[in-house]
1. Can you pull out the residues in the stretch 203-227 that are touching a residue at least 60 places away in the same chain (Cβ under 8 Å), in a helix (DSSP H, G or I) and polar (S, T, N, Q)?
2. If I ask for residues that are of a type outside the set (D, E, K, R), within 13 Å of the ligand (Cβ to nearest atom) and closer than 22 Å to Gly242 by Cα, which ones from the stretch 123-145 would you list?
3. Taking the condition of being surrounded by fewer than 21 Cβ atoms within 10 Å (Cβ to Cβ) and over 14 Å from Asp191 (Cα atoms), how many residues in the stretch 163-181 meet it?
4. With respect to the numbered conditions (1) without any contact (Cβ under 8 Å) to a residue 12 or more places away in the chain; (2) within 13 Å of the ligand (Cβ to nearest atom); (3) not charged (D, E, K, R), which one is the sole condition not fulfilled by Thr116?
5. Is one or more of the residues making up the stretch 90-99 crowded, with 20+ Cβ neighbours inside 10 Å, acidic (Asp, Glu) and within 23 Å of Gly224 (Cβ to Cβ)?
6. Give the stretch 150-201 a look and list any residue that's under 29 Å from Glu232 (Cα atoms) and among the charged types (D, E, K, R), or say none.
7. Report, by residue number, each residue of the stretch 229-253 that is away from the ligand (no atom under 16 Å from the Cβ), surrounded by 19 or more Cβ atoms within 10 Å (Cβ to Cβ) and over 22 Å from Pro103 (Cβ atoms).
8. Determine the pairs where a residue that is farther than 15 Å from Val213 by Cα, located within the stretch 169-198, has a partner that is among the acidic types (Asp, Glu) and not in a helix (DSSP H, G or I) with Cβ atoms under 6 Å apart, the partner being 6 or more residues away or on another chain.
Amino acid sequence: MFENLSERLSGVFDRLTKQGALSEEDVKTALREVRVALLEADVSLPVAREFVKKVQDQATGQAVTKSITPGQQVVKIVHDAMVDTLRGEEDPGALKIDNPPAPILMVGLQGSGKTTTTGKLAKRLKEKEGKKVLMASLDVYRPAAMDQLAVLGTQVGVDTLPIVPGQKPVDIAKRAKQQATLGGYDVYMLDTAGRLHIDEVLMNEVEQVRNAVDPRETLLVVDGLTGQVAVEVAEEFDAKVGISGVVLTRMDGDGRGGAALSMRAVTGKPIRFVGLGEKMDALETFEPDRIAGRILG
Ligand code: GDP
């Protein structure tokens, strides 16, 4: 479906005379191809434009290395600039969970993969960091979502807060905090309700919960295949409740993952993890290098 950027650029550079340094004209020609590649990878237009401008300034006048072609050289410059933009935290997987019990708030739209990611992250914290984790579903609108979290808990060997019908989300959150404190848990994860679209009720509810528990991390789960929509969702959640990081799901799909670049460039929030499938171990720490390679094809 996509044409590889290196192939594209080699075509462009074949038509250019080889010189000792990348001329402005060479770089401009190459970057037109880069821009198309970014847009095909679902990077938003303003972000692609700004990114190309940044790379243009860096690339112009650079000496052409003998061992690689000018096309490869531009790809390398683009790749490095992309990694630079994508890099958020030194160690994206290191969550702030000292001072037990540490609350982690999971937010996002319905269907984004929030509940699945809650289970995956709980498993990771338990197995990789030896943490005692409690999970609680605050989705009072969909009893199936509560059951789903309980099932995942059993599957990964992590406790879930017993379901008490009729409680409000903020009261469930308080109960989770209490149980986490009494039970000697290191972390309690709150899986908030999602809706199909952002609305006032959803945001107010998340805000109330946030105020009640003062989360150490608020992780937004977004579907990485939704591109620009994912970025808009992140902006809205951040403006209303403040997010500390993003989890991009469905990165096992056949999209090119351009949402990652737009997400970083627009929101400034670090991407912490990527979801790579439905299974409970299909969660990886975000690696800028890998995503850059994938966006460039
Ligand atoms: P929620 O409504 O946001 O809680 O979404 P769910 O966690 O219920 O996930 C919705 C669907 O997406 C489920 O069928 C999950 O198995 C699936 N899903 C979640 N994360 C991923 C992922 O990273 N890759 C793939 N392929 N599917 C995922």
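The values are calculated or read from the model by the stated rules, or taken from the named source; none is laboratory data. Computed from a prediction, not measured in an experiment: that's the story for all the values here. No Cβ is skipped: glycine too gets one built from the backbone with ideal geometry, and neighbour counts run over all protein chains shown.
1. none
2. First, pick out the residues of the stretch 123-145 that are of a type outside the set (D, E, K, R): 125, 130, 133-138, 140-141, 143-145.
Still in the list and also within 13 Å of the ligand (Cβ to nearest atom): 135, 137-138, 141, 144-145.
Within the stretch 123-145, Met135, Ser137, Leu138 qualify.
3. 7
4. Of the numbered conditions (1) without any contact (Cβ under 8 Å) to a residue 12 or more places away in the chain; (2) within 13 Å of the ligand (Cβ to nearest atom); (3) not charged (D, E, K, R), the odd one out for Thr116 is (1).
5. Checked against the condition, which is being crowded, with 20+ Cβ neighbours inside 10 Å, acidic (Asp, Glu) and within 23 Å of Gly224 (Cβ to Cβ), the stretch 90-99 yields no hits at all.
6. Across the stretch 150-201, the qualifying residues are Lys168, Asp191, Arg195, Asp199, Glu200.
7. Val231
8. Short answer, once both residue conditions are applied: Ala193/Asp139.
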